[in-house]
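J.: Attaching a single structure in structure tokens format; questions to follow.
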Amino acid sequence: MAERRRPVLDTAEKPAARVWLPLSLQHLFAMFGATVLVPFLTGLPAEVALVTSGLGTLLFMAVTGGRVPAYLGSSFAFIAPLVAGAQVAGPAGALFGAFCAGGVYVLVALAVRLFGVGWLARLLPPVVVGPVIMVIGLGLASVAVGMAQNTVGGGSYSLPHFAVALATLAAVLLFSLILRGFFAVVPILLGIVAGYLVALAAGLVDLAPVIEAPFLRWPRFDSFVDLLASQGVPWAVLPILVPVAIVTIAEHIGDMIVLSRVTERDFLTSPGLHRTLAGDGLATMLAALLGGPPNTTYGENIGVLAITRIFSVWVVAGAACLAIALGFVGTLSAFLASIPSAVIGGVAIALFGVIASSGIRTLIEGRVDFGEKRNLLVASVILVIGIGGASLRLSDDFTVSSMALAAVLGVLLHAILPDKHLAGEAVFGRAHG
């Protein structure tokens, strides 16, 4: 058995005051690009996403007893469902659906506490989780390309926009490959900066709102509570957003396994998967109450932990406090809003592709045998339904989105079709190994 490497800072250790800020900034930069990208794509305020990301992380730490150094940022899995939900019941209705999806986490956490994790492993094997993750990335491909070409929202094709998007994409790829040390964990942020400079030179940036914005301002916290009081429960959004929890719960479990391996601890046992699931779900519910996108544990920040071997919960909590503070800086909010869609589109091409690729990785690490017809059929149905845009329209106000339908069908097919080699535990793997 390999000897355990001593971390630079263990989970409960506080950093020295002189290095605390730069250590926390690393985590802030790692999550920043992805966290603010989600509100850009869904129409939610970026400053609120920063605040709810920080608050959600602190709430997660409180629920897990301050033992898990995980950062929670905006979830990509909810991008398309939030947009679809807003079309059905408005932004407030979509947030209510996200709140209910967070409630699913809490219910699953209770079930895990009562019955263990075996049933969940059988429900979400790699042959289901992998293709659904691929659907998340590939289903958003048209959104990324549309932003890059300025065709989203009925706009016309623009070669300057596409050129800026390609320059941004090239910067992200280049920075991801050549940078080392601290800068290796912020290629997305650096890519946005490079793309912004190119867009500025191309005349696609309007700096007037940035100059006129107040330095400090109160974020626009919009809740769905008023909607419920005036119009009642928007039931139509539930089949659009709630099934997404199937995917994000599987992603959460995967992150906890990777985090356990990085820190050489078993977070599935202590503080327990039920606590981490509950913390993640409550963070999403809090975000929805304040008008922010759902939260999820971030692999980017796990990468920071792996590189630095600084596992201190205090460092991650410092990043959360910085994110909250940034949400109240009006100049920053206006600056973020000035970033052209072409820049975000260029970044999104890389990020959404990475999401799809992580689904392929799930299949490989889960040792899914596509020589077995059952596995081939389950994955094929999920991919075609999800990427093809199929939806289940039960009425004018009640539609199950393509991604949600793909996930549900995958779970059902896995349960119904005969399997000679059930190995659901492969999606969980081992915490150490």
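The values are calculated or read from the model by the stated rules, or taken from the named source; none is laboratory data. Keep in mind the model is a prediction, meaning the values are calculated, not measured. Neighbour counts are summed over all protein chains in view; Cβ atoms, including those assigned to glycine, are modelled from backbone coordinates with ideal geometry.
J.: What are the residue pairs meeting all of these: first residue in region 209-226, first residue more than 13 Å from residue 45 (Cα to Cα) and surrounded by 11 or more Cβ atoms within 10 Å (Cβ to Cβ), second residue modelled with pLDDT of 90 or more and not hydrophobic (A, V, I, L, M, F, W, C), Cβ atoms under 7 Å, and 6 or more apart or on different chains?
T.: Hits for this filter: 224/93.
J.: Between 186, 172, 152, which is within 30 Å of residue 22 (Cβ to Cβ), of a type in the set (A, V, I, L, M) and modelled with pLDDT under 80?
T.: Being within 30 Å of residue 22 (Cβ to Cβ), of a type in the set (A, V, I, L, M) and modelled with pLDDT under 80 holds for just one of 186, 172, 152, which is 186.
J.: Another question, if that's okay. Is there a residue being over 28 Å from residue 331 (Cβ atoms), not basic (Lys, Arg) and not in a helix (DSSP H, G or I) anywhere in region 149-156?
T.: Yes: one or more hits.
J.: Among the residues of region 220-261, which ones are of a type in the set (A, V, I, L, M), at pLDDT 85 or above and touching a Gly at 6+ places or on another chain (Cβ under 7 Å)?
T.: Residues satisfying the conditions are 237, 238, 240, 241, 242.
J.: Restricting region 262-272 to residues that are in a loop (DSSP other than H, G, I, E, B) and not hydrophobic (A, V, I, L, M, F, W, C), which is modelled with the highest pLDDT?
T.: The residue in question is 265.
J.: Going residue by residue through region 15-32, is there one that turns out to be touching a Pro at 6+ places or on another chain (Cβ under 9 Å) and outside any helix (DSSP H, G or I)?
T.: no
J.: May I pose another question? Find the residue count for region 385-429, including only residues that are part of a helix (DSSP H, G or I), closer than 18 Å to residue 251 by Cβ and at pLDDT 60 or above.
T.: The number of residues fulfilling the criteria is 9.
J.: Out of the residues in region 266-306 meeting the condition of being within 25 Å of residue 15 (Cβ to Cβ), among the hydrophobic types (A, V, I, L, M, F, W, C) and in contact with a Leu (Cβ under 8 Å, 6 or more places away or on another chain), tell me which one is surrounded by the fewest Cβ atoms within 10 Å (Cβ to Cβ).
T.: 302
J.: Let me ask another. Those residues that are over 16 Å from residue 320 (Cβ atoms) and hydrophobic (A, V, I, L, M, F, W, C), I need them from region 9-25; list them, please.
T.: Listed by number, the residues that qualify are 9, 12, 16, 17, 19.
J.: Cβ-Cβ below 7 Å, separation at least six or inter-chain, first residue in region 89-113 and in contact (Cβ under 8 Å) with a residue 40 or more places away in the chain and crowded, with 23+ Cβ neighbours inside 10 Å, second in a helix (DSSP H, G or I) and of a type in the set (Asp, Glu): which pairs?
T.: Every condition considered, the pairs that remain are 105/280.
J.: Just the residues that are assigned to a helix (DSSP H, G or I) and surrounded by fewer than 22 Cβ atoms within 10 Å (Cβ to Cβ), please, taken from region 63-83.
T.: Within region 63-83, 63, 83 meet the criteria.
J.: Still on this structure, I have one more. Would you mention how many residues in region 103-145 are assigned to a helix (DSSP H, G or I) and under 20 Å from residue 390 (Cβ atoms)?
T.: 16
J.: Which residues, counting only those in region 101-158, are within 16 Å of residue 346 (Cβ to Cβ) and among the hydrophobic types (A, V, I, L, M, F, W, C)?
T.: Result: 140, 141, 143, 144, 145, 147, 148, 152.
J.: Can I ask one more? What are the pairs, 6+ residues apart or on separate chains, where a residue within region 336-362 that is under 30 Å from residue 208 (Cα atoms) and modelled with pLDDT under 80 has its Cβ under 8 Å from a residue that is among the charged types (D, E, K, R) and buried (at least 18 other Cβ atoms within 10 Å of the Cβ)?
T.: 336/47
J.: Residue check: is residue 169 over 23 Å from the mean Cα position of the chain (by Cα), under 13 Å from residue 343 (Cα atoms) and not in a loop (DSSP other than H, G, I, E, B)?
T.: Answer is no for this residue.
J.: Suppose we filter region 231-250 for residues that are free of Cβ contacts under 8 Å to residues at least 12 places away in the same chain and either touching a strand residue (DSSP E or B) at 6+ places or on another chain (Cβ under 8 Å) or in a helix (DSSP H, G or I) (or both); how many remain?
T.: 1
J.: Ok, one more. With the condition kept exactly as written, say whether any residue in region 212-228 is farther than 30 Å from residue 81 by Cα, part of a helix (DSSP H, G or I) and of a type outside the set (A, V, I, L, M, F, W, C).
T.: yes
J.: Answer yes or no as to whether residue 73 is in contact with a Ser or Thr (Cβ under 8 Å, 6 or more places away or on another chain), closer than 20 Å to residue 192 by Cα and not acidic (Asp, Glu).
T.: Yes, satisfied.
J.: With the structure loaded, tell me whether residue 59 is under 20 Å from the mean Cα position of the chain (by Cα) and part of a helix (DSSP H, G or I) or whether it fails that test.
T.: yes
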